[in-house]
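The following block contains the structure, expressed as structure tokens.
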Amino acid sequence: MRLLALLVALSVLAGCDRPLIDTVDADAYIQTDLDLSVVRLDRALTLRLLPRRTTGLVAVRVNNREVALDPVDGEFVYEDDLKRGVNRLIVVASYSDETELSDTLFVACFPPETSPPVNAGPARFDPAAATFPDGRAVFSGGSGTDKRALPTATILQATGTGVASSEVDLLAARTGHTATLVGGGILLLGGTIDEAPAGAAEFIGTAEWLGPDGVSQGVEIEGGLARSRHTTEVIRVDGQLYAVLYGGIVPAGSGASVSGTVDLYKIVFEAGTAPARLVRISPPGGIGSFPPVADHVQITENVSAWTTLGIGPGGPTSQRFTWLLPGTPSYPFQLAGASSVQLKTPRTDAAALASSENDLKVGFVFGGRTSDGETLASIGLYAFGVGQVFSFPESVRLTAPRSGHAATIFDGGRIVVGGGRSASGTTLSAYEVFLL
């Protein structure tokens, strides 16, 4: 075996073009010994590299640092301490004919810190979650064990000994709605009073704003609202806030149908921090012709872009939205959509949130269900700006598979996941708190 390794090393130095290291990406110029699509849990990295072209190879550099050649294995060995987040490795191979070939590798590193699950408040399926500016997490509405919408919200607060919870009343029982931070409070939009609405009468056409004091106020909607299991993005254009609602289900006869349109509302403030009303700008039924999808997740990339991931009637979908200036005579901005990279395991009824790590925005996606109905405990990672997705190893996952849950940032940086149903169909009251 050692003689074979020595012959391999000599073939590299002599310029023999033969791949020595298997690679996950067969089209990659640089071959590696590690599956870089899997998130690393430790910061210490040892990476063995070999360019596909070895004829006349003189040197290999990673991030402007020359990498030593292992004379036994004929591989270039790069060692480094990773930063938390997605690390960019620029690999440059230099040749005797003075040419250079380069490739960029991305290595995700998220050492986990977990806490024991916490049981708090009623069991909720399909709640909405958001966080107050002071770090308290809110899980609102959802449906209970009887599949009817709940009229309360659970507020979670970190204490010196763990997590404390309290229950507050909402103005309306709602499930399948969205919760978005607006003006220091949380704006709740849409939803239904039952998991399987029997026509338009069971869609909730109201909005409310849950203030940091735990008191909910009504928000008037001009132009109507009938949408559930959708996503909502709040954007600011020239100092004005707008709510963009995409997908979900809309009334159709005695039931509902999946939508591929967008509803656009202007958020109006008249006094104080609470919004006074929403003014519909788009026509009834919405605008656009995007992939129909419901029970999808949304990850905010920056002030002008966000991505949705899910499984619609047409199969898995990943849609990146951007808003652009100038607008049109009818709308204050242009909304563009384009397909984006999908998770390694496409899923619906998952939970997601965004985080900024190592100067790169990433999105975490927790649990959900596959198109075959399998309930998942796995965690996916979506890296904006580099067009790559990663998956966490089996050792880092939810304590139990769940779908129809929600997630938000808690206590200034930790992640809290709550609600949903288990693989057996039990509605869950357990919250998982951890740092990724």
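The values are calculated or read from the model by the stated rules, or taken from the named source; none is laboratory data. Bear in mind that the values here come from a model prediction, so they are computed numbers and not experimental data. So basically every Cβ, Gly included, is an ideal-geometry build from the backbone, and we count neighbours across all protein chains shown.
One residue is enough: does the range 398-412 have a residue meeting the conditions of a type in the set (A, V, I, L, M, F, W, C), part of a strand (DSSP E or B), at pLDDT 95 or above and assigned by TED's automatic domain parsing to the domain that holds residue 300? If you could, list the steps in order and put the result at the bottom.
Step one: filter the range 398-412 for residues of a type in the set (A, V, I, L, M, F, W, C), giving 398, 400, 406-407, 409-410.
From the residues that got through so far, the ones that are part of a strand (DSSP E or B) too are 406-407, 409-410.
Narrowing the set further to residues that are at pLDDT 95 or above leaves 406-407.
Next, only the ones that are assigned by TED's automatic domain parsing to the domain that holds residue 300 stay: 406-407.
Within the range 398-412, one or more residues are of a type in the set (A, V, I, L, M, F, W, C), part of a strand (DSSP E or B), at pLDDT 95 or above and assigned by TED's automatic domain parsing to the domain that holds residue 300.
Now for a different question. Can you pull out every residue in the range 49-65 that is buried (at least 19 other Cβ atoms within 10 Å of the Cβ) and outside any loop (DSSP other than H, G, I, E, B)?
Scanning the range 49-65 gives 49, 50, 51, 57, 60, 62.
Okay, next question. Out of the residues in the range 308-329 that are assigned to a strand (DSSP E or B) and either among the hydrophobic types (A, V, I, L, M, F, W, C) or over 17 Å from residue 368 (Cα atoms) (or both), which is nearest to the chain's Cα centre (by Cα)?
First, the residues of the range 308-329 that are assigned to a strand (DSSP E or B): 308-312, 315-324.
Of the ones still in play, those that are also either among the hydrophobic types (A, V, I, L, M, F, W, C) or over 17 Å from residue 368 (Cα atoms) (or both) are 309, 311, 319-324.
Values: 309: 8, 311: 14, 319: 12, 320: 12, 321: 14, 322: 16, 323: 19, 324: 22 Å.
Here the residue is 309.
With respect to residue 155, is the statement that it is assigned to a strand (DSSP E or B), closer than 21 Å to residue 214 by Cα, touching a residue at least 12 places away in the same chain (Cβ under 8 Å) and β-branched (Val, Ile, Thr) true?
Values: assigned to a strand (DSSP E or B): yes; closer than 21 Å to residue 214 by Cα: yes; touching a residue at least 12 places away in the same chain (Cβ under 8 Å): yes; β-branched (Val, Ile, Thr): yes.
Yes: the conditions hold for residue 155.
Looking at the range 159-261, what strands (runs of 3 or more DSSP E) fall wholly within it and have at least 2 residues that are among the β-branched types (Val, Ile, Thr) and touching a residue at least 24 places away in the same chain (Cβ under 8 Å)?
On the way: elements: 162-169, 178-182, 185-189, 207-210, 216-222, 231-237, 240-246, 249-252, 255-258.
Fully inside the range 159-261 and qualifying: 162-169, 178-182, 216-222, 231-237, 249-252.
Evaluate the range 232-253: report whether one residue or more is among the acidic types (Asp, Glu), assigned by TED's automatic domain parsing to the domain that holds residue 352, within 24 Å of the chain's Cα centre (by Cα) and buried (at least 22 other Cβ atoms within 10 Å of the Cβ). Walk me through how you get there before you give the answer.
Just the residues of the range 232-253 that are among the acidic types (Asp, Glu), to begin with: 233, 238.
Now narrow it down to the ones that are assigned by TED's automatic domain parsing to the domain that holds residue 352: 233, 238.
Subsequent filtering for residues that are within 24 Å of the chain's Cα centre (by Cα) retains 233.
Next, from what is left, pick out any that are buried (at least 22 other Cβ atoms within 10 Å of the Cβ): none.
Within the range 232-253, none of the residues are among the acidic types (Asp, Glu), assigned by TED's automatic domain parsing to the domain that holds residue 352, within 24 Å of the chain's Cα centre (by Cα) and buried (at least 22 other Cβ atoms within 10 Å of the Cβ).
Among (1) surrounded by fewer than 19 Cβ atoms within 10 Å (Cβ to Cβ); (2) at pLDDT 95 or above; (3) in contact with a Phe, Trp or Tyr (Cβ under 9 Å, 6 or more places away or on another chain), which single condition is residue 344 missing?
Against the list (1) surrounded by fewer than 19 Cβ atoms within 10 Å (Cβ to Cβ); (2) at pLDDT 95 or above; (3) in contact with a Phe, Trp or Tyr (Cβ under 9 Å, 6 or more places away or on another chain), residue 344 comes up short only on (2).
I would also like to ask the following. Taking the condition of being part of a loop (DSSP other than H, G, I, E, B), among the acidic types (Asp, Glu) and in contact (Cβ under 8 Å) with a residue 40 or more places away in the chain, how many residues in the range 91-137 meet it? Please lay out each step first, then the result.
Of the range 91-137, the ones part of a loop (DSSP other than H, G, I, E, B) are 96-99, 110-112, 115-117, 120-124, 126-127, 132-136.
With the extra rule that they be among the acidic types (Asp, Glu), the set shrinks to 97-98, 126, 134.
Filter once more, keeping what is in contact (Cβ under 8 Å) with a residue 40 or more places away in the chain: 97, 126, 134.
Counting residues in the range 91-137 that are part of a loop (DSSP other than H, G, I, E, B), among the acidic types (Asp, Glu) and in contact (Cβ under 8 Å) with a residue 40 or more places away in the chain gives 3.
Continuing with this model, one more query. Does at least one position in the range 281-295 carry a residue that is part of a strand (DSSP E or B), farther than 30 Å from residue 360 by Cβ and touching a His at 6+ places or on another chain (Cβ under 8 Å)? Spell out the reasoning first.
To start, the set of residues in the range 281-295 that are part of a strand (DSSP E or B) comprises 287.
Next, from what is left, pick out any that are farther than 30 Å from residue 360 by Cβ: 287.
Okay, now just the ones that are also touching a His at 6+ places or on another chain (Cβ under 8 Å), so none.
Looking for residues that are part of a strand (DSSP E or B), farther than 30 Å from residue 360 by Cβ and touching a His at 6+ places or on another chain (Cβ under 8 Å), one finds none in the range 281-295, hence no.
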